[in-house]
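For reference, the structure discussed in these notes is given below.
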Amino acid sequence: MLLTITTTQAPATDLGYLLQKHPNRFQSYDLSFGQAHVFYKEADDLRCSACLLLDVDTVGVVRGKGAGEGLLSQYVNDRPYAASSFLSVALSQVFRSALQGRCNERPELAITPIPLSARLDILPVRGGEPFLRAVFEPLGYVVETERHPLDERFPEWGESPYYSVTVSKTSTLSDLLTHLYVLVPVFDNQKHYFVGDDELEKLLEKGKGWLSAHPEREEITKRYLKFRPSLFREALARLVVEEEPLEAVGEGDERPAEKAEEALERPLSLNEQRHGTVLAALRASGARKVLDLGCGEGKLLRALLKDSQFAEIVGLDVSIRSLEIAQDRLKLDRLPTNQEGRIKLIHGSLMYRDRRLEGFDAAAVVEVVEHLDPPRLLAFERVLFEFARPRTVVLTTPNREYNVTWENVGTERLRHTDHRFEWTRAEFQDWAQGIATRFGYSVRFLPVGPEDETLGPPTQMAVFDRA
Ligand code: SAH
């Protein structure tokens, strides 16, 4: 497996600084799957070409694994010759600093775009030349290809899936290596050497600034995260909100705090009033297919189930524990046959775009937004109002101004240890108005619970209608 990187930017031997590999030396590196060798094919002022030669030890790789495909294909295969995920792993180890855009001796070189080309001697291209171009050309590369016959001695056997590919562009070396790192495995049909739990993180990290805008991003992501459909879905959702790097949302058990919040509000029975008001708003919207987002233990779901107007009910929560409790309380495994299929609980996060949330008439989001970190609210807004886009959204959140009426909360504290914020009426209305304007909804505000003349109601509610 051979990768050749060439520059014609004089003095071209600066490539040695960029790669941190001296042009006069032949260097070898031990990797977990074989050896990598770095040497220069040519190195003068006008043109400099560095080669990365991978010597994949197929036998060693097979030994480390259980028997998978046929025994023969385990030992006799294209891995030693074809560019694949092995190359990505090698790039990240042998050219680590160049990939990261660091160059200690000459830092300015690392950030200067120079004419560069990368030649992959043998790249198996699933999807053929059109796909190859569709992947590299939007990134500004000039692509040259040469397809290899299956066997030169027997032209009648036809073409092989192998190409020699050269991509050229004026860019930083780090950009070029990053694109190769992500894209080389995408053309390959084999199980990737490195598909593991942190592959998604690597993809998002290396895809920063270019992958989310790439027209083939779905296909690239799907193939990169081969055989991992759940990772693929998560990746797509996260590419939508790439500007705000996200960590996985925790599933910490919030129940004790939930209990405390409930106890605090019990004299008002605010919880029931809230669900009653939300239910009324959902009814009034005429909705038949409804979502309860952040459904928790399913109190609102129970009320929805009792009303035959709601023909399809879906509850979503990020906490598996809550969903289990809801499943239990609603006795979902013992529903009469005529009710089966009317309600479904799904595990998911409101941070991530989710196709399962599309096509609903209305969504309830009851006491959920205040659990989201403010930077993530933006992701939530798009997930709900841009992608899921129900006709009506009924959303409630505490009114912070009201807290002074509760001795044990006061002005300083929030009602719940997991609340990231609580809004005054003005703050909430501001936020909701912004959403309405941005996503083409109208919005009105309604009080929930006994209203205080100056402080307003304990809970505030917004009803959004799609314009
Ligand atoms: N709507 C319910 C529960 C409110 S408590 C009710 O009115 O009783 C807030 C709920 O939001 C919790 O169940 C919590 O697990 C859920 N939640 C928090 N962050 C979430 C996220 N990112 N995606 C989906 N649900 C989330």
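What's the total number of residues in segment 1-41 that are in a strand (DSSP E or B) and either in contact (Cβ under 8 Å) with a residue 12 or more places away in the chain or outside the structural domain of residue 99 (by TED's automatic domain parsing) (or both)? Walk me through it before giving the result.
Residues of segment 1-41 that are in a strand (DSSP E or B), as a first pass: 2-7, 27-31, 34-41.
Among the residues that remain, those that are also either in contact (Cβ under 8 Å) with a residue 12 or more places away in the chain or outside the structural domain of residue 99 (by TED's automatic domain parsing) (or both) are: 2-7, 27, 29, 31, 34-41.
The qualifying residues number 17.
Hey, can you tell me all the residues within segment 323-340 that are open to solvent by 70 Å² or more (accessible area, probe 1.4 Å) and either within 10 Å of the ligand (Cβ to nearest atom) or over 30 Å from the mean Cα position of the chain (by Cα) (or both)?
Answer for segment 323-340, where residues must be open to solvent by 70 Å² or more (accessible area, probe 1.4 Å) and either within 10 Å of the ligand (Cβ to nearest atom) or over 30 Å from the mean Cα position of the chain (by Cα) (or both): 328, 329, 331, 333, 334, 336, 337, 338, 340.
Could you list all residues from segment 119-156 that are in contact with a Pro (Cβ under 7 Å, 6 or more places away or on another chain) and open to solvent by 40 Å² or more (accessible area, probe 1.4 Å)?
Hits for segment 119-156 are 126, 138, 149, 155.
Exactly one condition in (1) without any contact (Cβ under 8 Å) to a residue 40 or more places away in the chain; (2) outside any loop (DSSP other than H, G, I, E, B) is not met by residue 274; state its number.
So the condition that residue 274 fails would be (1).
Please note which strands (runs of 3 or more DSSP E) are completely contained in segment 105-195 and include at least 3 residues that are at pLDDT 85 or above and under 16 Å from residue 88 (Cβ atoms).
114-124
Note down all Cβ pairs under 9 Å where the first residue falls in segment 371-382 and is in the same structural domain as residue 438 (by TED's automatic domain parsing), the second is open to solvent by 50 Å² or more (accessible area, probe 1.4 Å) and part of a helix (DSSP H, G or I), and they're at least six residues apart or on different chains.
Final answer for the pair search is 381/438.
Would you pick out the residues in segment 97-118 that are farther than 10 Å from residue 18 by Cα, open to solvent by 30 Å² or more (accessible area, probe 1.4 Å) and touching a Lys or Arg at 6+ places or on another chain (Cβ under 9 Å)?
113, 115
Can you give me the number of residues within segment 7-27 that are open to solvent by 50 Å² or more (accessible area, probe 1.4 Å) and among the charged types (D, E, K, R)?
1
Just need a number here: residues in segment 299-347 that are over 18 Å from residue 275 (Cα atoms) and among the polar types (S, T, N, Q).
Counting residues in segment 299-347 that are over 18 Å from residue 275 (Cα atoms) and among the polar types (S, T, N, Q) gives 5.
Please work out if residue 296 is closer than 24 Å to residue 355 by Cα and either assigned by TED's automatic domain parsing to the domain that holds residue 397 or at pLDDT 90 or above (or both). Show your work before the answer.
Working: closer than 24 Å to residue 355 by Cα: yes; either assigned by TED's automatic domain parsing to the domain that holds residue 397 or at pLDDT 90 or above (or both): yes.
It is true that residue 296 is closer than 24 Å to residue 355 by Cα and either assigned by TED's automatic domain parsing to the domain that holds residue 397 or at pLDDT 90 or above (or both).
Against the definition (part of a strand (DSSP E or B), within 12 Å of the ligand (Cβ to nearest atom) and not β-branched (Val, Ile, Thr)), how does residue 316 come out, yes or no?
Answer is yes for this residue.
The values are calculated or read from the model by the stated rules, or taken from the named source; none is laboratory data. The structure presented is a predicted model; accordingly, all values stated were derived computationally and were not measured. Please note: Cβ atoms are built from the backbone with ideal geometry, for glycine as well, and neighbour counts cover all protein chains shown. All accessible areas refer to the heavy atoms of the entire protein, side chains included, with ligands and DNA or RNA removed. Shrake-Rupley method; radii C 1.70, N 1.55, O 1.52, S 1.80 Å.
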